[in-house]
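A quick write-up on the structure given underneath.
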Amino acid sequence: MTRHPKQMGFDALLQDTDVQNAARVFEKETAHLSNDWTEALTYHHAQIEQHHAAMLANDFDAAMDIRKDAHLLATKLNGGAPGILADEDAPGYKLDAEARAESGAVPLWGQSGTFDTEAAGLWARVDMSGMFGIGATAMPYVGFSVRATDHTKPFLSETGYRSFLGCSVPPEPRMTPEGFVKRVIEAYVANELNGQLRQVNPRWCD
């Protein structure tokens, strides 16, 4: 059915109104956020500190609100447009990289980082996601991946690699990201591997 030109013009007007209303809502939601990079980075560091405290207290509602606020910050830095994780120059990636923990140090909750840990009889190099990781605004615990530090020793898989997304453990007061990783690995070995680690296949060692 062909629309009348006046109807088409009215639809366009409605769409324009919707865009303007959405812009007003976004402006109101982000009024407390700066689009200056230096100020935004300082604010993001504060977000991480607050998020870490919330996670240690098992206040997941507060933690999720802070993560959503971090995404709003990145969106504002992106001129209000989506794509905050589109590439390495996108605001989400840049905020995450600038606030990343020093190599080898256990990150705060909400901070990305890489560190080594021992759990369930194996050593693993952990790559922990921060507030901009996959599913961070939908799941209480952030994701992480692990790699074998020694391919001559048994690990979680024949490839020497395993990722963990959407994992959960019984909440414990003051549980750190490393404590969470250890518990997830221990549960995986006990429940999925029946307590039996896998020998890494040499073809994956490079």
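Numbers below:
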| item | result |
| --- | --- |
| Inter-label distance for Arg24 and Asp150, nm, one decimal - labels placed 7 Å from Cα along Cα-to-Cβ | 6.5 nm |
| Calculated from backbone phi, Karplus (6.51, -1.76, 1.60) coupling profile of the range 171-180 in Hz, x at Gly/Pro | x, 10, x, 6, 6, 7, x, 5, x, 5 |
| Cβ charges +1 (Lys, Arg) and -1 (Asp, Glu), total dipole of the chain, debye | 500 debye |
| Gain in span if fully extended, Ser157 to Trp123, counting 0.36 nm per residue against the direct Cα distance | 11.0 nm |
| Projected label distance in nm at Asn58 and Val169, using a 7 Å step from Cα toward the beta-carbon | 1.4 nm |
| Estimated [θ] at 222 nm from DSSP helical runs (n ≥ 4, -39500 (n - 2.57)) normalised by residues in the chain, nearest 500 | -14000 deg cm²/dmol |
| Length added when fully stretched, Asn191-Ala138, from 0.36 nm per residue minus Cα-Cα | 16.6 nm |
| Angle between the chain longest axis and helix 60-77 axis [Cα atoms, degrees, rounded to 10] | 60 degrees |
| Prolate/oblate/rounded label for the range 46-114 (Cα gyration tensor, a/c 1.5) | oblate |
| Global form of the range 19-74, assessed from the alpha-carbon gyration tensor, a/c cut-off 1.5 | oblate |
| Extreme residue, positive dipole direction of the chain, given options Leu77, Pro171, Gly110 (C-beta unit charges) | Pro171 |
| Rounded if a/c under 1.5, otherwise prolate or oblate - the chain, Cα gyration tensor axes | prolate |
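Coordinate-derived values only; no laboratory data. Everything quoted here is computed from the prediction, not taken from an experiment. Cβ atoms come from the backbone with ideal geometry, glycine included; neighbour counts cover every protein chain shown.
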